[in-house]
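**Q** Take a look at the following structure, please.
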Amino acid sequence: MPSATSRPVCASVRYDRLVSDKLSRCLNVCGALLVPRYKGIAPSLLRELSYSSIRFGLFVPVKQLLGAEDDATTPFWKKLVAGGTVGALGSGLASPADLLKARMQASVPGTVHQSMFGHARGILVQDGLFGLWKGACT
């Protein structure tokens with residue numbers, strides 16, 4: 001039974017040191033898990049910006065090219081064809097950025113190609129221009 005003059009066990013623990021050690025360990029572990037996820041951020045942004053801008057920017061012109069004048073009177077099939085056309089075009093043009101993103105995220109640290117341009121150069125040298133669309137039809 002503790003006496004009235006004895007210190008509690010928790011008083012001997014230095015919480016400032018405990019918190020800083022745990023925070024440091026957490027950042028080291030979480031950082032090691034999160035940093036590889038950001039390896040492909042540049043091609044990912046490039047892909048999303050190009051794909052979305054192509055889809056949104058070309059939908060109305062393609063729909064008008066099919067003869068659509070007003071949204072209320074435009075038949076569904078014209079909207080479907082216009083959406084499919086611009087979606088396929090956007091996907092086809094953004095496919096190289098998807099390939100670069102996948103290659104960058106799968107690359108092992110210390111390999112030759114580290115940047116987006118390094119990976120693109122490696123693909124162009126090894127597979128040629130159409131190598132950038134490798135896996136686009138699968």
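**Q** Any idea how many residues of region 43-72 are aliphatic (A, V, I, L, M), touching a helix residue (DSSP H, G or I) at 6+ places or on another chain (Cβ under 7 Å) and over 12 Å from Leu93 (Cβ atoms)? Quick ask: steps written out before the conclusion?
**A** Our first condition is that a residue be aliphatic (A, V, I, L, M); within region 43-72, this holds for 45-46, 49, 54, 58, 60, 62, 65-66, 68, 72.
From the residues that got through so far, the ones that are touching a helix residue (DSSP H, G or I) at 6+ places or on another chain (Cβ under 7 Å) too are 46, 54, 58, 62, 66, 68.
Still in the list and also over 12 Å from Leu93 (Cβ atoms): 62, 66, 68.
Residues meeting the conditions: 3.
**Q** Still on this structure, I have one more. Do the conditions hold for Thr85, that is, is it of a type in the set (Ser, Thr, Tyr) and surrounded by 15 or more Cβ atoms within 10 Å (Cβ to Cβ)? Even if it seems obvious, please write down each step before you answer.
**A** On the way: of a type in the set (Ser, Thr, Tyr): yes; surrounded by 15 or more Cβ atoms within 10 Å (Cβ to Cβ): yes.
Yes, satisfied.
Coordinate-derived values only; no laboratory data. On a predicted model such as this, the values are computed, not experimentally measured, just so you know. FYI the Cβ positions are ideal-geometry reconstructions off the backbone, even for glycines, and counts take in every protein chain you see.
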